[in-house]
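To start, the structure under review is shown below, and the notes come after it.
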Amino acid sequence: MSVPRLLVAGLTSGLLVLGSGVGVAHDGVVTAKATISRTQQGFKGKVVTTSKDCKKRKITLFRASKGGAHKVAKAKSNKKGKWSVKVPGASGKYFVKVAKKTVSRYLHVHRCKAAKSPSVRA
């Protein structure tokens with residue numbers, strides 16, 4: 001192999017190696033689902049989503065009433081999407097809302113949609 005061909009082959013393979021580590025930029029919308037259940041001391045649940053970036057979210061617990069919903073407590077879900085809130089003496093119907101979130105990392109943007117759980121009776 002001549003020197004110019006060797007140089008071209010080396011440069012081409014170097015570009016392939018460099019290019020293989022670069023991900024494709026994207027901007028995606030990720031849906032979520034919120035769960036809630038009663039515990040002895042309050043409530044617990046999970047943010048269910050396909051993206052690990054969208055599992056850590058702000059959670060707001062509401063008590064439903066005829067006059068409208070009232071905020072009771074706030075929490076944050078962990079990296080597995082799990083959350084819990086202590087509400088001593090809870091009675092009535094409760095639900096949670098999961099806040100929307102935008103995660104930007106490198107050339108990737110995930111827009112995590114908000115979610116609302118079904119109501120559960122305490």
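In table form, for the structure just shown:
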{"read-out": "Candidates 76, 80, 116, 44, filtered to the one that is touching a Ser or Thr at 6+ places or on another chain (Cβ under 6 Å), basic (Lys, Arg) and at pLDDT 95 or above", "value": "44"}
{"read-out": "Given (1) at pLDDT below 95; (2) within 19 Å of residue 68 (Cβ to Cβ), number of the condition residue 107 does not satisfy", "value": "(2)"}
{"read-out": "Among (1) surrounded by fewer than 17 Cβ atoms within 10 Å (Cβ to Cβ); (2) more than 12 Å from the chain's Cα centre (by Cα) - the single one residue 72 does not satisfy", "value": "(1)"}
{"read-out": "Any hit, the range 45-64, residues being buried (at least 17 other Cβ atoms within 10 Å of the Cβ), in contact (Cβ under 8 Å) with a residue 12 or more places away in the chain, farther than 20 Å from residue 28 by Cβ and of a type in the set (Gly, Ala, Ser)", "value": "yes"}
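The values are calculated or read from the model by the stated rules, or taken from the named source; none is laboratory data. All values derive from a computational prediction rather than experimental measurement. Positions of Cβ are generated from backbone atoms using ideal geometry, with glycine treated the same way; all protein chains shown enter the neighbour counts.
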